[in-house]
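Q: Here it is: the structure, laid out below.
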Amino acid sequence: MSDHVQLFLDFIKKSPSAFHAVKTLCTALDANGFTPLCETRPWHIVPGGKYYVTRNLSSVIAFAVPETGFAHFQIVSSHSDSPTFKLKHLCEDETAGGYLRLNVERYGGMIMSTWFDRPLSIAGRVLVREGSALTTRLVDLGRDAVLIPNMTIQSIREVNDGYK
């Protein structure tokens, strides 16, 4: 396996959510000499400098300024979120048959059937109250924890309507 492929697989493993992906990218930028900037404060940009800024801990923009001869610039961007199920506020619902049901909402355009009847984990960002302030924490259970059961075939007969 090539080094590039292994680096990519390592990145995927460290990035189970868009928030984790941004953290992983920022760690790599820090290790490569980039300076973090605050979006709401004045920037002090110098020739030869490398910088990045994040927004909402879910996006990152990085750029480098040439030492000399600045005549043009290039912009590269990426989409960091993806279709997922998000836990709703106060997501724990009634238990049935010894199981805990979690209230979720779908996010993004997804093929829902690919999520059903398979073990899933939970990862993302939570806000925690510390005194009078809210603090962001990244969460990654790193193990199978939940399952979204498919409905019985009697409940979704229209799934086969195209084969008549």
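Q: Per 10 Å bin, what percent of the C-alpha pairs of the chain does each bin hold, from zero upward?
A: 8, 25, 29, 20, 12, 5, 1
Q: Further question on the same structure: Helix 18-31 versus the longest principal axis of the chain: what angle, 0 to 90°, nearest 10, using Cα atoms?
A: 30 degrees
Q: From the alpha carbon gyration tensor of region 84-156, can you work out the equivalent ellipsoid semi-axes (sqrt of 5 times each eigenvalue) and give them in Å, largest to smallest?
A: Ellipsoid half-lengths, sorted descending, are 27, 15, 12 Å.
Q: Taking 7 Å along the Cα-to-C-beta vector as the label spot, tell me the Phe8-Ile153 distance in nanometres, rounded to one decimal.
A: 3.8 nm
Q: Give me Rg/Rg_expected for region 7-91, where Rg uses Cα atoms only and Rg_expected = 2.2 N^0.38 Å with N residues.
A: For region 7-91, the normalised Cα radius of gyration comes out at 1.31.
Q: Taking K and R as +1 and D and E as -1, what net charge do the other residues with C-beta under 13 Å from the C-beta of Val126 add up to?
A: +3
Q: Hey, which aspartates and glutamates would be in cross-link range of Lys14, C-alpha to C-alpha under 20 Å, not counting anything within fewer than 8 residues on its own chain?
A: Filter leaves Asp3, Asp30, Asp81, Asp140, Asp144.
Q: Figure the gain on full extension for Ala28 and Arg118 (residue separation times 0.36 nm, minus the Cα-Cα span) and round it to one decimal in nm.
A: 29.2 nm
Q: Using 0.36 nm times the number of residues separating Cys91 and Trp43, minus their current alpha carbon distance, what extension gain do you get?
A: That works out to 13.2 nm of additional length.
Q: Which of Thr95, Thr54 has the fewest other C-beta atoms within 10 Å, and how do the rest follow up to the most?
A: Thr95, Thr54
Q: Using Cβ contacts closer than 10 Å as the measure, can you line up Leu57, Leu134, Leu25 from fewest to most?
A: Leu134, Leu57, Leu25
Each value in this text was obtained by applying a stated rule to the coordinates, not by laboratory testing. The structure presented is a predicted model; accordingly, all values stated were derived computationally and were not measured. Cβ atoms come from the backbone with ideal geometry, glycine included; neighbour counts cover every protein chain shown.
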